[in-house]
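Just below is one structure, and these are the notes that go with it.
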Amino acid sequence: MKLYDDKLAPNPRRVRIFLAEKGIEVPKVNVEIMKGEHKSDEYRRINPLSGVPSLELDDGSIITETVAICRYFEELHPETPLFGTDAKTKAVVEMWNRRMELTLFVPVAMVMRHTHPALAVIQTQFKDWGEYNKGVVDKVWHWLERELGDGREFIAGPIFTIADITALCAADFAKFARVPIPQDCLRLLSWHARVSERPSAKA
């Protein structure tokens with residue numbers, strides 16, 4: 001088994017944090033997106049869509065997509081559950097993880113991809129679209145700040161889950177995209193400080 005990884009990209013980091021929370025070690029093969037290695041013929045034989053991460057199993061099977069890889073390991077190692085423990089909590093975690101992906105992670109990625117000079121070398125940039133998404137991200141930060149007003153410790157409730165992993169990686173990626181958590185979002189900043197202190201956050 002081996003994990004195709006990129007130390008700088010946020011989606012592979014989500015998998016690394018997930019594995020660290022589970023205490024799972026998986027050999028890694030680095031695929032540098034900024035060097036275009038994900039678009040090489042060699043890597044496209046592993047993942048035709050060029051996405052990173054990808055997981056190659058011992059039988060040669062390939063699993064792509066971040067959450068699919070995490071679910072695979074959740075099934076193999078159900079201890080320290082990160083997707084919930086029963087019908088209700090699993091649904092709530094799924095809801096919040098999708099919210100973090102679609103309402104936060106995606107617009108942050110759009111800002112980064114379309115406004116950061118470093119990414120101009122790997123894709124065509126549409127500056128207006130990137131600038132538009134800065135406003136989207138700001139609205140999401142303040143919405144999430146209000147949501148945390150119910151006193152919950154983590155994104156999906158009282159327990160650290162994959163929703164926190166997704167939100168943490170989005171928040172840290174947002175720093176590079178120059179749309180960080182606003183200073184007036186005190187609950188959100190407190191949450192970010194807590195989850196950043198977890199050993200897995202350094203994965």
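Against the conditions (1) over 16 Å from E101 (Cα atoms); (2) assigned to a helix (DSSP H, G or I); (3) out of contact with any strand residue (DSSP E or B) (no Cβ under 8 Å at 6 or more places or on another chain); (4) not acidic (D, E), Q183 satisfies every one except (2).
For segment 152-179, residues that are of a type outside the set (K, R), farther than 26 Å from G51 by Cβ and either assigned by TED's automatic domain parsing to the domain that holds R16 or part of a loop (DSSP other than H, G, I, E, B) (or both) total 3. Of all residues in segment 1-18, those satisfying the criterion of being within 17 Å of A109 (Cβ to Cβ) and either without any contact (Cβ under 8 Å) to a residue 40 or more places away in the chain or in a helix (DSSP H, G or I) (or both) are L8, P10, N11, P12, R13, R14, V15. I'd like to check something: does segment 121-144 contain any residue that is part of a helix (DSSP H, G or I) and in contact with a Gly (Cβ under 6 Å, 6 or more places away or on another chain)? Within segment 121-144 (the criterion being part of a helix (DSSP H, G or I) and in contact with a Gly (Cβ under 6 Å, 6 or more places away or on another chain)), the answer is no, since none of the residues qualifies.
Which residue is modelled with the lowest pLDDT, if the candidates are limited to segment 25-44 and must be assigned to a loop (DSSP other than H, G, I, E, B) and surrounded by 12 or more Cβ atoms within 10 Å (Cβ to Cβ)?
G36
For segment 82-100, what are the residues that are surrounded by 19 or more Cβ atoms within 10 Å (Cβ to Cβ) and either closer than 30 Å to M1 by Cβ or more than 20 Å from the chain's Cα centre (by Cα) (or both)? Hits for segment 82-100 are L82, F83, G84, V93, W96, N97, M100.
Screening the candidates T161, T166 for the property of being closer than 29 Å to I69 by Cβ, touching a Gly at 6+ places or on another chain (Cβ under 9 Å), buried (at least 18 other Cβ atoms within 10 Å of the Cβ) and in contact (Cβ under 8 Å) with a residue 12 or more places away in the chain yields one hit, T161. For the structure I just gave you, tell me whether G149 is more than 29 Å from L119 (Cβ to Cβ), touching a residue at least 40 places away in the same chain (Cβ under 8 Å) and either in the same structural domain as P117 (by TED's automatic domain parsing) or not aromatic (F, W, Y) (or both). No; evaluated as a whole, the condition is false for this residue. Would a scan of segment 45-64 turn up a residue that is assigned to a helix (DSSP H, G or I) and either in contact (Cβ under 8 Å) with a residue 12 or more places away in the chain or not assigned by TED's automatic domain parsing to the domain that holds A167 (or both)? Looking through segment 45-64, none of the residues is assigned to a helix (DSSP H, G or I) and either in contact (Cβ under 8 Å) with a residue 12 or more places away in the chain or not assigned by TED's automatic domain parsing to the domain that holds A167 (or both).
Note on segment 65-81: among residues that are over 14 Å from the mean Cα position of the chain (by Cα) and part of a loop (DSSP other than H, G, I, E, B), the one that is surrounded by the most Cβ atoms within 10 Å (Cβ to Cβ) is P81.
The values are calculated or read from the model by the stated rules, or taken from the named source; none is laboratory data. Model, not experiment: these values are computed from the prediction. So basically every Cβ, Gly included, is an ideal-geometry build from the backbone, and we count neighbours across all protein chains shown.
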